Amino acid sequence: RGAFVAVYRLDQGHRPRFVQFLATGQAPEGLLTIPSRNLFVTANEGDDQDGTISIFEGVPGRWDPSADQPRVFSSGVDEPWGALSGLAASLRRADVLYAVPDNALPSSIYSIHVGEGFARIRDRVPVTRNGAPVLFDLEGIANDTSIARPRTNAGFWLASEGNASSTRNTLVQVDGDGVILREVFLPADVDAPGGRVTSNGFEGVTVSSDGRYLLVAVQRPYSGETVAATGLPVLHTRIARYDLDLNKWD
């Protein structure tokens, strides 16, 4: 779930020492050093199939990222993170962001502290149902400012992506401790196996300014839609809106 080059020192015989990861473009394939200019170059075959080149300059001593381009950093292997797929800013603190991973890792809400070169993950709250961890394919997070938020310990709305077969697209309401309060599904004729949503579904979620609506992107087109004049398929991303007052979708 990452595109990078790992750098090691080889100056102690058979004991390579890890130095750093270099974040490249997608799918690095070729490597080249240019010693005369102290540069290191990777050729990357991904990035929308066009390919890119990443160029790095060697610097002496320790390198720290800048505050405006921080690196996400956890305390160690006991606090794993990755595949971040949603981001929300704290309503109370300007230096805190919240993020979620997709289904590469157990569903959790990360609290990320920014403002320095390393954006440190200070807390990882698991998403649970009846005390047990739950695995979603999370693709979005929004602060729960809705009319359905709990009176105390309000948390987030999460968007979980379905696959049009075994997994449904779901909006998940959790409190501040990650406990599931509510799950909202698309109508059966739209989503459930045999519905109109094809392959991937929900991507991102937000709450309307008046708190009444949840809005979520449905990234893939519906099945069975064609342009009458040509017979060609209709390819539309859609925005689905859920009315928390009437409990219905538009």
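Numbers below:
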| quantity | calculated |
| --- | --- |
| Spacing of the two label points (7 Å from each Cα toward its C-beta) at residue 29 and residue 87, in nm | 2.9 nm |
| Read-out P(r) over Cα pairs in 10 Å bins from 0, in percent, derived from the coordinates shown; its label in [x] 7, 23, 21, 17, 15, 9, 5, 3, 1, 0; [y] 6, 24, 28, 22, 14, 5, 1, 0; [z] 8, 33, 39, 20, 1 | [y] |
| With all protein chains modelled, accessible area of residue 184 [1.4 Å, Å²] | 10 Å² |
| Solvent-accessible heavy-atom area per residue, rounded to whole Å², over the chain at 1.4 Å | 60 Å² |
| Heavy-atom accessible area ranking, 1.4 Å probe, most first, across 7, 134 | 7, 134 |
| Nearest-0.05 FRET efficiency for residue 116 and residue 41, computed from C-beta distance (R0 25 Å) | 0.30 |
| Fraction of antiparallel bridges per DSSP, the chain only, in percent to nearest 5 | 95 percent |
| Full-extension gain in nm, residue 78 to residue 129, via 0.36 nm per residue minus C-alpha separation | 16.1 nm |
| Candidates 48, 137, 177: whichever shows maximal mean-square fluctuation once the chain is modelled as a Gaussian network with Cα springs under 10 Å | 48 |
| Rounded percent of accessible protein surface that carbon and sulfur make up, the chain, 1.4 Å probe | 51 percent |
| The stretch 146-197 and the stretch 57-126: distance between their alpha carbon centers, rounded to Å | 24 Å |
| Two-site FRET efficiency, residue 152 against residue 18, from Cβ-Cβ distance with R₀ of 51 Å, rounded to 0.05 | 0.70 |
| GNM result for the chain, Cα springs below 10 Å: residue of 185, 56, 136 fluctuating most strongly | 56 |
| Length added when fully stretched, residue 4-residue 185, from 0.36 nm per residue minus Cα-Cα | 61.5 nm |
| Packing-based order for 94-103, 77-86, using average beta carbon neighbours within 10 Å, highest first | 94-103, 77-86 |
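The values are calculated or read from the model by the stated rules, or taken from the named source; none is laboratory data. Everything numeric in this text was worked out from a predicted model, so none of it was measured. Backbone-built Cβ (ideal geometry, glycine too); neighbour counts: all protein chains shown. Please note that ligands, DNA and RNA were not included when accessible areas were found on the heavy atoms of the full protein model with its side chains. Shrake-Rupley method; radii C 1.70, N 1.55, O 1.52, S 1.80 Å.
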